[in-house]
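For reference, the structure is listed below as structure tokens.
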Amino acid sequence: MDKIKELEEIIKSVGPQNIWHPVVVNGDKLLANGIGETADGIRDRDGILDFQGKTVVDLGCNFGYYSFFVRNAGARDVLGIDMDDRIIRGCEILKALHGVDGVNFRPLDITKANSIGKFDIGMMIDIIGRDKIRTGAAKDLLNSLEKLSQKEMLLTIR
């Protein structure tokens, strides 16, 4: 099976309600819209957020949207983590299709990611929302982010 067809199957199995940002291949072929907020305040902060030469962990990376973004913004090494094996496979396909190096992906529960090392920047983009706050899960997520972040943390809450 070719990579794009495999990615399309993964996207279908994951379901549109679980895809946060657009999934695009070949520069302009949209495979999924994503349901996340498009005005994220991160991409338009040129010069404020400095990823140049830094190591970054992207917790809850989904299909790698921000993992690829920070690599393109100068991060030296990026590790995207998501608990869904299918999504991680999709990230690997996107990495190959985009020809990106310096980005790796790993299937792992965020709250069990404490042993993977320290990173200059730990990111958790749009993972915490009302449901995580109400159930108390936000504390475990924030603890994981703090343990992995050596210098800076980038966190958005919706």
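The values are calculated or read from the model by the stated rules, or taken from the named source; none is laboratory data. Every value quoted in this text rests on a predicted model; they were computed, and no experiment measured them. Every residue, glycine among them, receives a Cβ derived from its backbone with ideal geometry; neighbour counts consider all protein chains shown. Side chains included, ligands, DNA and RNA excluded: accessible areas come from the protein's heavy atoms. Shrake-Rupley method; radii C 1.70, N 1.55, O 1.52, S 1.80 Å.
Numbers for the structure displayed
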read-out	value
When residues of the stretch 141-158 are limited to those that are more than 16 Å from residue 116 (Cβ to Cβ) and not aliphatic (A, V, I, L, M), the one farthest from the chain's Cα centre (by Cα)	151
Exclusive hit being part of a loop (DSSP other than H, G, I, E, B) and either over 16 Å from residue 125 (Cα atoms) or modelled with pLDDT of 95 or more (or both), set 41, 27, 36	27
Selection count, the stretch 84-105, where residues are touching a residue at least 24 places away in the same chain (Cβ under 8 Å), more than 15 Å from residue 10 (Cβ to Cβ) and not in a strand (DSSP E or B)	3
Flag if residue 58 is at pLDDT 95 or above and surrounded by 12 or more Cβ atoms within 10 Å (Cβ to Cβ)	yes
Lone unmet requirement of (1) more than 21 Å from residue 132 (Cα to Cα); (2) touching a strand residue (DSSP E or B) at 6+ places or on another chain (Cβ under 9 Å) for residue 28	(2)
Residues of the stretch 117-144 classified as at pLDDT 90 or above and open to solvent by less than 60 Å² (accessible area, probe 1.4 Å), total	7
The stretch 52-67, residues that are under 21 Å from residue 146 (Cβ atoms) and part of a helix (DSSP H, G or I)	66, 67
